[in-house]
1. Is it the case that region A:118-132 has a residue that's within 21 Å of the chain's Cα centre (by Cα), free of Cβ contacts under 8 Å to residues at least 60 places away in the same chain, within 22 Å of residue A:179 (Cα to Cα) and surrounded by 23 or more Cβ atoms within 10 Å (Cβ to Cβ)?
2. Confirm whether residue B:57 is more than 11 Å from the chain's Cα centre (by Cα), more than 8 Å from every other protein chain (Cβ to nearest Cβ) and crowded, with 20+ Cβ neighbours inside 10 Å.
3. Select from region B:85-109 the residues that are closer than 27 Å to residue B:9 by Cα and out of contact with any helix residue (DSSP H, G or I) (no Cβ under 8 Å at 6 or more places or on another chain) and write down the one among them that is surrounded by the fewest Cβ atoms within 10 Å (Cβ to Cβ).
4. How many residues does region B:128-141 contain that are more than 12 Å from every other protein chain (Cβ to nearest Cβ) and either in contact (Cβ under 8 Å) with a residue 40 or more places away in the chain or surrounded by 13 or more Cβ atoms within 10 Å (Cβ to Cβ) (or both)?
5. Would you mind finding the one in A:112, A:139 that is over 30 Å from residue B:132 (Cα atoms), under 20 Å from the mean Cα position of the chain (by Cα) and without any contact (Cβ under 8 Å) to a residue 60 or more places away in the chain?
6. Are any residues in region B:107-126 touching a strand residue (DSSP E or B) at 6+ places or on another chain (Cβ under 8 Å), in a loop (DSSP other than H, G, I, E, B) and more than 9 Å from chain A (Cβ to nearest Cβ), and if so, which ones?
7. Can you pull out the residues in region A:46-61 that are at pLDDT below 75 and farther than 19 Å from residue A:98 by Cα?
8. Please list, ordered by residue number, the helices (runs of 4 or more DSSP H) wholly in region A:317-421 having 3 or more residues that are within 9 Å of another protein chain (Cβ to nearest Cβ).
């Protein structure tokens, strides 16, 4: 089950390295030694680590004594790249941080820069952003559900989830021309005008999802194997989780009511009626329950957005920030000048700094943008939810069985691009 | 004497009375108050804010390189209080080669964030349980997020060939 290099080694300096036997046959134990520990490298290439994560496990039999996550395999220096790009060129970089929740990352960065620029975003753009971010949340949770269930051995759910996710990606393609790296939320509004007929397409998908979510919840929650594998596994004291930086569905499954959409409303989330699901069991099953309920709430939000989408412009009135309409560029001199200036020089952002927090599917996502008054950011720091969540892995795996570690890691729902940046 | 931006904020005034000389600067950013803390007081200020003011969470720690200005680095702590639904930023200015006290004993979660700041900026934290590189390989030379570090890295510089 476990891939990678395995070797047996005695931590006790008095004994030489013991006979390596990974096939499960008897290993000679020298007289007098009571502890025989094995160090096992899980990853960097392992299907259940969902990316390139290496966990160094120290085992006593099948029990994990300590676990040390080693990260950085996907570090691409995105924060450094921000510093040589103009503000608007940073948007495609934000897509690639958390590639399962790209629109939430677009939104967070755009909001941060918009706050420094003090731009007013029209209601239609805000509602559209909310709708797309909630669709992203559903798509991201579907991936989590499918892969998490697959890790534990329930294969069918995986195919259902990816089938439904494809429908959401088709919506994104309809809006932006891209399935995954959409870059659709831009500084000052949206990248393109919402396409004709989007209401019909979104409502069709959302009705299908509403039925689907119930089905998949039933499929797993009435499965005794699933319940036995997940209940009572992977808990930590709540205080410790808070201190270690755990956020999102994980902390809400531990009974802490913390959701940036409610705590510091942005993008007119305060105008939507939705609940923040809380569970107190603090185990893998509770996290599953919270995320399933979140998907239902997201469906609720999308329905409200469909019903009450305001009319009006979908971009802010800021010609010095937003690229002009292509048609207007051919007839109006000002548009041509603005286009030339934005593309060649960019737009200066007033000096200052901002820490913008939004709720990504994985938890608290924040962008810290420092401007020195030029057209390029002085520093962009991404507080990514997966990084904080993964920090608790070591403490969470202490004393559990290897087989349970798969369930625990699946319940964290980390994205390694989000961890390593 | 407290900076003007603090005004009549009772929490900050209490903090300044409790730990004299800790607050050296204060500015109001678009998203709230930023307190400038003197480097030698950062651990005690954090402990006070956690225990007395209810900042149970440390959202993140990061750095900014202001080269060629002096002191060169700024280390920023993002604090979050769930009970009061409040956020606070602490900013510490550090010169090159200067080290800071780790706040791992206050919030255990500072561990990885301080390692990241050490890894990318080369700022050392005293009393850190495990101050090693975290994102870059352990044998990497240089600190990538410093402003004098080229965007394409040192090892792949075409000019030197």
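The values are calculated or read from the model by the stated rules, or taken from the named source; none is laboratory data. Owing to the predicted nature of the structure, the values given are computational and were not obtained by experimental measurement. Neighbour counts are summed over all protein chains in view; Cβ atoms, including those assigned to glycine, are modelled from backbone coordinates with ideal geometry.
1. Yes, that holds for at least one residue.
2. No: the conditions fail for residue B:57.
3. B:86
4. Matching residues across region B:128-141 total 2.
5. It is A:139.
6. B:123
7. If the condition is that a residue be at pLDDT below 75 and farther than 19 Å from residue A:98 by Cα, then A:46 is the only one that fits.
8. In region A:317-421, A:385-391 are the helices (runs of 4 or more DSSP H) which contain 3 or more residues that are within 9 Å of another protein chain (Cβ to nearest Cβ).
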